[in-house]
Each structure stands twice: as C-alpha cells, then as structure tokens.
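This report concerns only the one structure given below.
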Amino acid sequence: MVSRTIPFLYAFWLAVLAVFAACQAASADELKSLRAKAIAAPIALDGSLNEPVWQDVQAATGFVQREPAVGSPATEETEVKVAYTPSTLYI
C-alpha cells in the first residue's frame, strides 16, 4: 500500500508545483478584473439587451485565444457585462 502511495504523492506535489509556477508567471499587469454593477430592479430575460442598465455597466473586452493560438487576440469581438440584484446575477 505504501509503495503505491509514494508515486501518487510525488505526482500530486509535482502538479501542485507546476500550477504554482504557472500562476507566478502571470505578472500583475496581465491580471484583469471586472466589477459587477448593483442594480435595483430585475432585468427581463428576453435575449434583448435593451434595458438602460446595460449602457451603464462596465464591459470586459480584449479577450485572447487559448486554442489554436494561445495568447492571440480573439477572432470574434466579445464583450461581457455583469450586473446583480440581491437575488440574481446577470451575465
């Protein structure tokens, strides 16, 4: 039992170190954030973003690819906005 556990532990810690190294590689300049906007009234879930609240919400843009070309600009223009009420999160 012990002999099977040791290779697993080595693999586990190797994976943890690899993830830690990858996280350290991302500099603070590369990290981005998006602030969700608190709203008072619910939004109609009708597929149309014509509510005035969406005009006031900060948009996340500048996405990059993971496949096929890691880090290249996204081929399609993408914009993400986030708003919330006390009971609902809108993305």
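Can you give the net charge of the other residues whose Cβ lies under 13 Å from the Cβ of ARG35, counting K and R as +1 and D and E as -1? Result for the neighbourhood of ARG35: +2.
If R0 is taken as 22 Å, the Cβ-Cβ distance between THR85 and ASN50 corresponds to a FRET efficiency of 0.75. The packing ranking of peptides 37-47, 76-86, highest mean first, is 76-86, 37-47, where packing means the average number of other beta carbon atoms within 10 angstrom of each residue. Anisotropy class assigned to region 35-87 is prolate, per the alpha carbon gyration tensor with a/c at or over the 1.5 cut-off and a/b larger than b/c.
A short reminder: the numbers here are calculations on the coordinates, not readings from a lab. Predicted model only: the values in this text are computed from it and were never measured. Quick reminder, even Gly has a Cβ in these numbers, built from the backbone with ideal geometry, and neighbours come from all protein chains shown.
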